[in-house]
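The values are calculated or read from the model by the stated rules, or taken from the named source; none is laboratory data. Since the structure is predicted, the reported quantities are computational estimates derived from the model, not experimental observations. As a convention, Cβ positions derive from the backbone with ideal geometry for all residues, glycine included, and neighbour counts pool all protein chains shown. Each accessible area value is taken on the protein alone, full model and side chains, heavy atoms only, with ligands, DNA and RNA left out. Shrake-Rupley method; radii C 1.70, N 1.55, O 1.52, S 1.80 Å.
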Amino acid sequence: MTAGGTAGGLTAAAGYDAVVLAGGSARRLGGADKPGLRVGGLPMLDRVLAACAGAGRTVVVGPQRATSRPVHWVREQPPGGGPVAAIAAALPQVTAGTMLLLAADLPFFDAASAARLCAALTPGVAAAVLIDPDGREQPLAAAYRTDAVRAALELLPDPSGVPLRRLVGGLPTSRLPDRAGAAADCDTWDDVERARARARSRAD
């Protein structure tokens, strides 16, 4: 486990790097430590890290903590500055041409979903996002061409407080139906309880 800094022994040999956003104030959870909440016996952050274990390099943006495998830690500026500020902080650590961008509260995101998203970045496509059952894009359960995100970021005078869709909404995008519920996140306590019930049903 590692609790901070740049972990030794990390390489960028895989076809993608992963960026996991683990900051934020979790206001709808009363300020709880959302990445550390357990689903199926594991912190949600560790479940996400297991799903992207095939990444050449994994960058986690947020307060440092012990994790199930080595990662690179960075912090957005200012802390709590939002997802675009978090991406801006992570990008200098990303070396692969494909970047998997994930929220830390996706307890059912898995390696198959990661592979599916990365494979959807066919020529001419700069983003591949999961679409939830209500038809909403999930840009934090997505894969992006790193250069396209860098170019979009350069057009912003200040990433702090910028909505994520302003950064990536104009990219040529492949939209993939999320039939497995991989993009189900946990913004509220009801969401957390549903996720825990789902994990228990899988274990039975």
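Tabulated data for the structure shown
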read-out: Label-point gap, in nm, between residue 27 and residue 131 - each point 7 angstrom along Cα→Cβ; value: 3.0
read-out: Solvent-accessible area per residue for the stretch 21-130 (1.4 angstrom probe, square angstrom); value: 35
read-out: The chain - charge dipole about Cα centre, Lys and Arg +1 at Cβ, Asp and Glu -1, debye rounded to 20; value: 240
read-out: Length gained when the stretch residue 188-residue 68 is fully extended (0.36 nm per residue, less Cα-Cα span); value: 40.8 nm
read-out: Cβ-derived FRET efficiency at R0 45 Å, residue 151 paired with residue 204, nearest 0.05; value: 0.40
read-out: Relative contact order, percent, the chain [alpha-carbon distance under 8 Å, six or more residues apart]; value: 24
read-out: Accessible area of the chain belonging to carbon and sulfur atoms, whole % at 1.4 Å probe; value: 53
read-out: Options 49, 61, 162, ranked by Cα towards positive dipole end of the chain, top entry (Cβ charges); value: 49
read-out: The chain shape via C-alpha gyration tensor axes, a/c threshold 1.5; value: rounded
read-out: Average accessible area per residue (Å²) across the stretch 135-196 - probe 1.4 Å, nucleic acids and ligands excluded; value: 54
read-out: DSSP-defined antiparallel bridges as percent of all bridges, the chain, nearest 5; value: 45
read-out: Extension gain, residue 160 back to residue 197 (0.36 nm per residue minus Cα-Cα distance, nm); value: 9.7 nm
